[in-house]
1. Would you be able to tell me the number of residues in segment B:153-185 that are within 14 Å of B:VAL140 (Cβ to Cβ), among the aromatic types (Phe, Trp, Tyr) and loosely packed, with under 14 Cβ neighbours inside 10 Å?
2. Residues that are within 13 Å of chain B (Cβ to nearest Cβ) and either farther than 28 Å from B:SER29 by Cβ or within 23 Å of the chain's Cα centre (by Cα) (or both): find the helices (runs of 4 or more DSSP H) completely inside segment A:47-162 holding 3 or more of those.
3. Would it be correct to say that B:ALA122 is hydrophobic (A, V, I, L, M, F, W, C), closer than 30 Å to B:ASN2 by Cβ and in contact with a Ser or Thr (Cβ under 7 Å, 6 or more places away or on another chain)?
4. How many of the residues in segment B:21-53 are in contact with an Asp or Glu (Cβ under 6 Å, 6 or more places away or on another chain) and either free of Cβ contacts under 8 Å to residues at least 12 places away in the same chain or surrounded by fewer than 21 Cβ atoms within 10 Å (Cβ to Cβ) (or both)?
5. Can you find a residue in segment B:128-137 that is under 19 Å from A:LYS126 (Cβ atoms) and either touching an Asp or Glu at 6+ places or on another chain (Cβ under 8 Å) or within 14 Å of chain A (Cβ to nearest Cβ) (or both)?
6. Quick one: would you say B:ARG94 is modelled with pLDDT of 95 or more and either away from chain A (no Cβ under 14 Å) or within 18 Å of the chain's Cα centre (by Cα) (or both)?
7. Give segment B:214-228 a look and list any residue that's outside any strand (DSSP E or B) and among the small types (Gly, Ala, Ser), or say none.
8. Taking into account only those residues within segment B:186-202 that are of a type in the set (S, T, N, Q) and more than 14 Å from A:VAL123 (Cα to Cα), which is surrounded by the fewest Cβ atoms within 10 Å (Cβ to Cβ)?
Amino acid sequence: MARKALSLLPSPLLIFFVFALVSACVSPQRDPAESPPQLVPSDWKPSLEQVQTSIQDELETKAQKSQQYLNRTSQNLSDLTDARLFITYILLMQNLDGKEQKTLFDEQKNWLAKRDELARSEVVSKGGSLAPLEYASAFRQVTEKRLAELEQRLAQMTRKNK
Amino acid sequence: MNLTAQQKRICEQVINVFETGSVQGDYSSISIFPDGPGRIRQVTYGRSQTTEYGNLDELIQMYVDANGTHSNELRPYLEKIGVTALVDDSQFKRLLRDAGKNDPKMRQIQDEFFDKRYFQPAMAWADQNGFTLPLSALVVYDSFIHSGSVPEFLRKRFAERPPARGGNEKTWVQQYVDTRNNWLANHSNAVLHPTVYRTQCFKQQISRGNWDLSQLPIKANGVNVLGG
């Protein structure tokens, strides 16, 4: 009877195989010593700077600027700056190990909440057509500072990895 | 504030130019700004701009009730506006654009709606504070459209009291326009500087003594306003 029961148990080799498979599935964390996974191919470098400069130039030289034009253009510039920040954040993220990635994620999450607070504090024309312009330009200024900061960190990281 | 139909029309046309660049205004204009609740993106619509999470539902209700060309198509959206985000609903935005561009009923409804939402509150404020001159009405209306009110922080920067508290109307308007002009021209956000075309237009009218808005055309941001 005992022998029959033992024969129903899987072999030690099978147990080891299943354990290894389950471990691999439930524990996706990489070995910290491993190099980070490539999220973005290294030769893919999207650029938004030219379109941003072009919009900025038009904003500065256009003769007649209605409030709607100013609001839309300012929002477009803010969106572009935010997109540039997003790209830089992803590029920086892929150069970090798991623990550093978590730190940067938390840091960015906190910063995003603060950015909104800062931009909102600049709006004095509540309920008026000037409010979107006040918000968008403050949002952009704060975002540009953060972009410069992350770009600097990315440049340092790239030099270090070379 | 007793304005003639012509004086009121001039006020509206000057503001239309400031806001949209044209005397008629842009009734089909749609902009997307992240100024909804919790800073979510929302639709901003119409000649003087009302928002999805603000009063757009009221405007569309008025239009649906008026049996405009697109009223039936917009009716199902009434229960969604301000509840479900419509910022990425291309059908909804197309209907708003088409109605603003092609349906005179939508233009008439917007005129009534923006009059009730902006012009009348501005004139009520002007009445309470003892203003009577048409140019004062224009300056106050502009302030309500641009800043949502006559901001208290600007009123604290000049000495003259409003007429209802014994001040001189023309002096108050002149000082308010100068104060507003300095605030916009020297704002820490340089992108606000170009908006001084509004206060510069008022300064020109003050300097030519156009208190009853009878001297036409009025040059507003490079566009001639004739009141016709």
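The values are calculated or read from the model by the stated rules, or taken from the named source; none is laboratory data. This is a predicted model, so every value here is computed, not measured. Here the Cβ positions follow ideal geometry from the backbone for every residue, glycine too, while neighbour counts run over all protein chains shown.
1. 0
2. Per the criteria, A:67-93, A:98-121, A:131-161.
3. Judged against the criteria, B:ALA122 is not a match.
4. Qualifying residue count, segment B:21-53: 1.
5. Checking segment B:128-137: not a single residue is under 19 Å from A:LYS126 (Cβ atoms) and either touching an Asp or Glu at 6+ places or on another chain (Cβ under 8 Å) or within 14 Å of chain A (Cβ to nearest Cβ) (or both).
6. yes
7. B:SER214, B:GLY222, B:GLY227, B:GLY228
8. B:ASN186
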